[in-house]
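A.B. asks: Sharing a structure with you now.
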Amino acid sequence: MTEKEIAILRIGHRPERDQRVTTHVALTGRALGASGMYLAADDKGVAESVKDVADRWGGTFFCENNVKWRSCIKDWKAAGGKVVHLTMYGINLPDIIGEIRPCEKLLVVVGAEKVPGEMYGLADFNVAVTGQPHSEISSLALFLDHLAEGDEFKREFPGAKIRIVPSKAGKHTEEL
Ligand code: SAM
């Protein structure tokens, strides 16, 4: 099976209040199949936290700080990729995922407070994870799960220094 190339573009990040949520966007993407996150803001702290996790838990997740979001989208499209914008105003996920699944290179855009109107026109797909407001973390998780149809649970993270030993009770880890 050839893996899709999936990256996240986080727009609207406010360093003074969004650090935790943006870090969780990256960690969710990393756990569920994305290969990296572009951050359209200058916040090296997020990139460092994500790198610490990736160093310890394996895989090759990148976090690129301070990108220009319009250029990021333009470059992605120029390289043959498609752009998915997660927004409650879009087409409901189950009604559009079949069109998205064949795309081999996907940039998934998530916002923070208010997303510029221009984003809706730049996206190839505006996708709603229900038409109800919730969050960038939950919408990303559900989108990636529907995209991979559960295969994300089989992912491996080469080079990990630690792994969980799944247990019915208690917390068991193994140093590698
Ligand atoms: N009112 C904001 C707007 O105008 O876009 C929504 C802000 S919401 C807290 C932050 C982000 O979560 C959104 O930009 C979107 O990416 C994601 N999000 C929230 N609810 C969503 C939904 N139902 N479907 C898809 N994405 C959603």
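Coordinate-derived values only; no laboratory data. None of the values given here were measured: they were computed from a predicted structure. Glycine also receives a Cβ, built like all others from the backbone with ideal geometry; neighbour counts cover every protein chain displayed.
A.B. asks: Hey, which of these cross-link pairs are over 27 Å Cα-Cα: K74/K161; K77/K114; K44/K168; K4/K114; K105/K161; K77/K154?
C.D. replies: Table pairs above 27 Å Cα-Cα are K74/K161; K44/K168; K4/K114; K105/K161; K77/K154.
A.B. asks: Roughly what % antiparallel, to the nearest 5, for the DSSP beta bridges in the chain?
C.D. replies: Counting DSSP beta bridges with both partners in the chain, the antiparallel share is about 10 percent.
A.B. asks: When the chain is modelled as a GNM with alpha-carbon springs shorter than 10 Å, which of G36, G90, G150 fluctuates the most?
C.D. replies: G150
A.B. asks: Provide Rg and Dmax in Å for the stretch 5-175, with only Cα atoms included in the calculation.
C.D. replies: So, for the stretch 5-175, Rg and Dmax equal 16.0, 49 Å respectively.
A.B. asks: List the GluC sites (Glu not before Pro) in the stretch 1-61 that DSSP assigns to loop (not H, G, I, E or B) and whose Cβ has at most 14 other Cβ atoms within 10 Å. Which are they?
C.D. replies: Answer by residue number: E3, E16.
A.B. asks: Most exposed first by the Cβ proxy, i.e. fewest other Cβ within 10 Å, how do M119, M88, M37 rank?
C.D. replies: Ascending Cβ contact count within 10 Å gives the list M88, M119, M37.
A.B. asks: Near E156, within a Cβ-to-Cβ distance under 14 Å, what is the net charge of the other residues, with Lys and Arg +1 and Asp and Glu -1?
C.D. replies: +1
A.B. asks: Counting other Cβ atoms within 10 Å, keep those with at most 14, restrict to DSSP loop, and tell me which GluC sites (Glu not before Pro) in the stretch 63-120 are left.
C.D. replies: E104, E113
A.B. asks: Quick one: dipole size for the stretch 5-175, taken about the Cα centre, charges +1 on Lys/Arg Cβ and -1 on Asp/Glu Cβ, in debye to the nearest 20.
C.D. replies: Dipole of the stretch 5-175, to the nearest 20 debye: 220 debye.
A.B. asks: Taking H placed 1.01 Å from N in the peptide plane, check which residues at least 5 places from A128 or on another chain put their amide H under 5 Å from its amide H.
C.D. replies: Here T87, G90, I91, N92, L93 satisfy the definition.
A.B. asks: In a shell of Cβ-Cβ distance under 9 Å around A31, excluding A31 itself, what net charge do Lys and Arg (+1) and Asp and Glu (-1) give?
C.D. replies: +1
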